[in-house]
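Report on one structure; see the data block that follows.
Just so it is clear, none of the values below were taken in a lab; they were calculated from the coordinates. Note that the structure is predicted; figures quoted are calculated from it, not measured. Methodologically, a virtual Cβ is constructed for each residue, glycine included, from the backbone with ideal geometry; neighbour enumeration extends over all protein chains shown.
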Amino acid sequence: MHDGASLPKARIVCKSLFAAELLYMLQLAGGQQLLVPVPSHWVHAVDGGIGICLDISHMLKFSL
C-alpha cells in the first residue's frame with residue numbers, strides 16, 4: 001500500500017486509471033513487479049519513486 005513516509009521505495013513503471021483509483025505497476029529494487037491500486041488523489045509520475053509498506057490483510061497469490 002502507498003506510504004509516503006516509508007523508507008522502502010519502488011519505481012513506478014506505468015499507471016492507468018481503474019474506477020476511482022490509479023493502478024500502478026511498481027518495480028522493487030530486486031526487479032520484482034507489483035500491481036498496486038492507489039487512490040486517484042495521490043498522483044505520482046512514471047519513473048518516479050513511491051513509498052510502500054505491506055498490508056497483508058488481503059493478499060492474493062497467482063502462479064504463472
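By the count of other C-beta atoms within 10 Å, a proxy for reagent exposure, 63, 57, 40, 16 are ordered fewest to most as 63, 57, 16, 40. The residues 61, 9, when put in order of fewest to most other Cβ atoms within 10 Å, stand as 61, 9.
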